[in-house]
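Notes follow once the structure below has been shown.
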Amino acid sequence: MTSVQSQTLRKSINQALKASSDLASLLGGVRIYDRPPEPAGFPFITLGQSALRDWSAGSEDGADQRLTVHVWSPFGGKKHMQDIIKAVRTSLSDWPLAAGRERITLNHEFSEARLDPEGDSFHGIIRYRATTASSRAAAA
C-alpha cells in the first residue's frame, strides 16, 4: 500500500464525517480538520496519527492501518463527548469505504472520553483499524 492509498483512506473517512448531519449538529457546523485553524472554534474533530503495515503478496496488494480520530470540546461534559463519539462511529459504519479495485474493512478498536489534564476541556479518542486489499491488474 502506498502513501497515496493511505491518503485515499483518510480522504474517504474525512468525507464520511463531513457528510453526517448528526455530527455537524453536535459540532455546531462542519468542524473536521487534518490540522485545526488557529484559533479553532470548539468543539471540533481532527484526524490524528496513522500507522501503516504493508502485507502485499503475490497478486494482491494489502495493508493494515491504524487511524486515530480525536474530538476536542471545552464544554458539554462527558455526555456531549460520548454523543459525538457515537455519531463518529455511526458515520463511519454507514459510509462505503471503497475506491476502485480496493476493498476496505474498517473496524473500531476502542473509544475513550477523558478530561484533559488541564481540566478545562474533554478529549475523545476513537481508534480504528483499516484493512485494505486490492487485486493487481493482470499483465497484458
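Quick notes
- Filter result for residue 66 (in contact with a strand residue (DSSP E or B) (Cβ under 7 Å, 6 or more places away or on another chain), within 22 Å of residue 112 (Cα to Cα), in contact (Cβ under 8 Å) with a residue 24 or more places away in the chain and not hydroxyl-bearing (Ser, Thr, Tyr)): yes
- Here region 7-49 is the region considered, the condition is being out of contact with any Phe, Trp or Tyr (no Cβ under 8 Å at 6 or more places or on another chain) and closer than 17 Å to residue 75 by Cα, and the residue that is surrounded by the fewest Cβ atoms within 10 Å (Cβ to Cβ) is 39.
- Residue selected from region 82-139 under the condition farther than 19 Å from residue 33 by Cβ, part of a helix (DSSP H, G or I) and over 12 Å from the mean Cα position of the chain (by Cα), by the criterion modelled with the lowest pLDDT: 94
- Residue match in region 74-82 (condition: among the charged types (D, E, K, R), farther than 22 Å from residue 9 by Cβ, without any contact (Cβ under 8 Å) to a residue 60 or more places away in the chain and surrounded by 11 or more Cβ atoms within 10 Å (Cβ to Cβ)): yes
- Any chance residue 29 is in contact with a Ser or Thr (Cβ under 8 Å, 6 or more places away or on another chain) and among the small types (Gly, Ala, Ser): no
The values are calculated or read from the model by the stated rules, or taken from the named source; none is laboratory data. Source: prediction; values computed, not measured. Quick reminder, even Gly has a Cβ in these numbers, built from the backbone with ideal geometry, and neighbours come from all protein chains shown.
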